[in-house]
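Asker: One structure, pasted below without further comment.
The values are calculated or read from the model by the stated rules, or taken from the named source; none is laboratory data. Given the structure is predicted, the values throughout are model-derived calculations rather than measurements. Ideal geometry is used to build each Cβ from the backbone, glycine not excepted, and the neighbour counts take in all protein chains shown. Calculation scope for accessible area: heavy atoms of the full protein, side chains included, ligands and nucleic acids excluded. Shrake-Rupley method; radii C 1.70, N 1.55, O 1.52, S 1.80 Å.
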Amino acid sequence: MSLFQNRLPEVHRMLTAKEVSVSELTEESLAIIAERDKKVNAFLTLNEEGARSTARALDDKLASGAARGLLFGLPAGIKDNIVTKGLRTTCASQFLKDFQPIYNATVASKLQQADAVTIGKLNMDEFAMGGSNENSSFGPVRNPWDLERVPGGSSGGSAAAVAAGEVFFSLGSDTGGSIRQPASYCGVVGLKPTYGLVSRYGLVAFASSLDQIGPLTRNVEDSAYVLQAIAGYDAQDSTSAKVEIPDYLSSLTGDVSGLRIAVPKEYLGAGVDASVRETVLSALKVLEGMGAVWEEVSLPHTEYAVAAYYLLSSSEASSNLARFDGVRYGARVDEGGGLLDLYLNSRSRGFGPEVKRRIMLGTYALSSGYYDAYYLKAQKVRTLIKQDFDDIFKKYDVVIGPTAPTTAFKLGSQTEDPLTMYLNDILTIPVSLAGIPAVSVPCGFAEGMPVGLQIIGKEFDESTILRVAHAFEQNTDHHKQRPQL
């Protein structure tokens, strides 16, 4: 059995007892990647030399008896839109295929401070734009449960690497569901924290008012550990929140007695696959059996969320990606035609089709004469969606529903239909627009593929959603199922 099947405290016990070393953990991770990643394609860049060097230093630290970090010795993967000093960061785009950052993102530094071992950088949809990982310019990631199916996106590499047992945990980013949806498709735990809880400094911006970094793990307890290590105020991120960081691990009590659960009828209605709906209803019965109570409610503006999201996120993307012009960094196509030709050729050849589509949509929405009709109206819809959640949380502790309306679909089955592709995020986007936290936890299978249960909480109340997810997990074994590769 792989060492990565163990819970984090058990791995740390084995390290302390000298039953295993950090170097052995690192070698196991690299060996599994060598064996499985030809099929999965989760990694874009491996940090073999750096990981081995870090492992040796941590083994020395263990032998010396010095204080150890919260994630001591654990092999980790990092989504390739989070900059890592001296380690290639591509955003899965040809525009940045050779980009070597000169500094670390705050979360990358925090992983170092917590004594994790960075194994490498993980595949994703180009610039985090996509829900299937088919928009990577380095080839799609494949779902470890069925290699003919997508892993979800845009953090598909982060989810697939954990599901395939290639790393102990990974970091992803979530703009409209990019941690939770792939976590659901790949049968792992994915947490999107409250906007502002985790620093975005060093995350290559897609939509700055929505982007958030979070962990993907095999179980809820490990998720709490990783969140504890990466959460906190950062003066280098102007949107970072000055809030007290609680002890997330102490919230994992297993007790949900008296918990009040809201289940939006819009999350179990039209468009949600019947097998997914039944699996989620079965999960609610488990929580009911533990003393929680649930009622059907309404989030009436849910149906407008996808349209508002694509207007807002594309508008922010058109602004954020203007910096990629072939002058300062990234691809440069200079054929001697002047500055405008340099811009045109660099951007047209550096960006892929989906990125260009969203830049054009966003630029149009922000253009003179259309701003009020599209961008401003979308912002007003966003406020209404946030108010829907605020009203629900006056009476309930959490909101629960499916993470995605279906299980993972076949590769290539939706690439010619972007609107259908966008609708796969219909249950995660409202949470992103509201800026509140949510976790996806495995809750069963439909036709052999994992189904995710989405647990949504109040602002900065990650403790409650982790408590509910952990309690559910302790009464089921869905998170213990592993794909056969």
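Asker: Solvent-accessible area per residue for region 425-472 at a 1.4 Å probe radius, Å²?
Answerer: Accessible area per residue, region 425-472: 18 Å².
Asker: What shape does region 409-485 have by the C-alpha gyration tensor, where a ≥ b ≥ c are the square roots of the eigenvalues, rounded means a/c under 1.5, and otherwise prolate means a/b greater than b/c and oblate the rest?
Answerer: Oblate.
Asker: So, counting K/R as plus one and D/E as minus one, what does the shell of residues with Cβ under 13 Å around Thr464 add up to?
Answerer: The answer is -2.
Asker: Let me ask something else about it. In nm, give the distance between the simple-model label positions of Gln474 and Glu148, each being 7 Å from the Cα along the Cα-to-Cβ direction.
Answerer: With each label placed 7 Å out from Cα toward Cβ, I get 4.1 nm.
Asker: Related question: Sticking with the crude label model, points 7 Å out along Cα→Cβ, report the distance from Asp417 to Lys18 in nm, one decimal please.
Answerer: 6.1
Asker: Tell me, what is the 1.4 Å probe accessible area of Glu296, in Å² to the nearest 10?
Answerer: So the heavy atoms of Glu296 present about 130 Å² to solvent.
Asker: Per residue, how many Å² of accessible area does region 214-294 show with a 1.4 Å probe?
Answerer: So region 214-294 comes to 42 Å² accessible per residue, rounded to a whole number.
Asker: Positive end of the charge dipole of the chain (Lys, Arg +1 and Asp, Glu -1 on Cβ, about the Cα centre): tell me which of Ala116, Tyr422, Phe445 has its Cα farthest that way.
Answerer: Checking the options against the dipole of the chain, the answer is Ala116.
Asker: For region 190-333, rounded, prolate or oblate, judged on the Cα gyration tensor with a ≥ b ≥ c (square roots of eigenvalues), a/c < 1.5 rounded, else prolate if a/b > b/c?
Answerer: oblate
Asker: Gain in length, Glu296 to Leu344, computed as 0.36 nm per residue apart minus the alpha-carbon separation, to one decimal in nm?
Answerer: Taking Glu296 through Leu344 to full extension adds about 12.1 nm, to one decimal.
Asker: May I pose another question? So what is the relative contact order of region 1-81, in percent, for Cα pairs below 8 Å that sit 6 or more residues apart?
Answerer: 37
Asker: Something else: How would Phe324, Phe460 rank on accessible area, largest to smallest, probe 1.4 Å?
Answerer: The ranking, largest first, comes out as Phe460, Phe324.
Asker: What's the FRET efficiency of Arg260 with Lys38 using the Cβ-Cβ distance as r and R₀ = 45 Å, to the nearest 0.05?
Answerer: With R0 = 45 Å, the Cβ-Cβ based efficiency is 0.40.
Asker: Specify which residue in the list Trp294, Leu321, Ser346 is farthest towards the positive end of the charge dipole of region 252-362, using unit charges on the beta carbon of Lys, Arg (+1) and Asp, Glu (-1), about the Cα centre.
Answerer: Ranked along the dipole, the leading option is Ser346.
Asker: Moving to a separate point now. How much length would be gained if the chain were fully extended between Leu384 and Ser2, taking 0.36 nm per residue of separation minus their Cα-Cα distance, in nm to one decimal?
Answerer: 132.8 nm
Asker: How high is the relative contact order of region 106-252, in percent, counting Cα pairs under 8 Å that sit 6 or more residues apart?
Answerer: After rounding, I find 20 percent.
Asker: If I ignore ligands, DNA and RNA and count only protein heavy atoms, how much of Leu3 is accessible to a 1.4 Å probe, in Å² to the nearest 10?
Answerer: Here the accessible area works out near 40 Å².
Asker: Of the heavy-atom accessible surface of region 219-276 (probe 1.4 angstrom), what whole percent is carbon and sulfur?
Answerer: Accessible surface attributable to carbon and sulfur in region 219-276 totals 46 percent.
Asker: Using Cα pairs closer than 8 Å and at least 6 residues apart in sequence, work out the relative contact order for region 85-139, in percent.
Answerer: The normalised contact order for region 85-139 reaches 36 percent.
Asker: Still on this model: Please find the FRET efficiency linking Asp391 to Phe445, where r is the Cβ-Cβ separation and R0 is fixed at 45 Å, and quote it to the nearest 0.05.
Answerer: For R0 = 45 Å, the calculated efficiency reads 0.85.
Asker: Starting from the Cα of Leu281, step 7 Å along the direction of its Cβ; do the same at Asp98; then give the gap between the two resulting points in nm.
Answerer: Roughly 5.8 nm, to one decimal.
Asker: Something else about it: Any idea what the dipole of the chain comes to, in debye rounded to 20, about its Cα centre with Lys/Arg Cβ at +1 and Asp/Glu Cβ at -1?
Answerer: 520
Asker: Now a separate question. Does region 295-390 come out rounded, prolate or oblate, given a ≥ b ≥ c as the square roots of the eigenvalues of its C-alpha gyration tensor, rounded meaning a/c under 1.5 and, failing that, prolate meaning a/b above b/c?
Answerer: Prolate shape, in that a/c is at least 1.5 and a/b is the bigger ratio.
Asker: Could you work out [θ]222 nm for the chain from helices alone, using -39500 (n - 2.57) per DSSP H run of at least four and dividing by all its residues? Round to the nearest 500 deg cm²/dmol.
Answerer: The helix contribution divided over the chain gives -11500 deg cm²/dmol.
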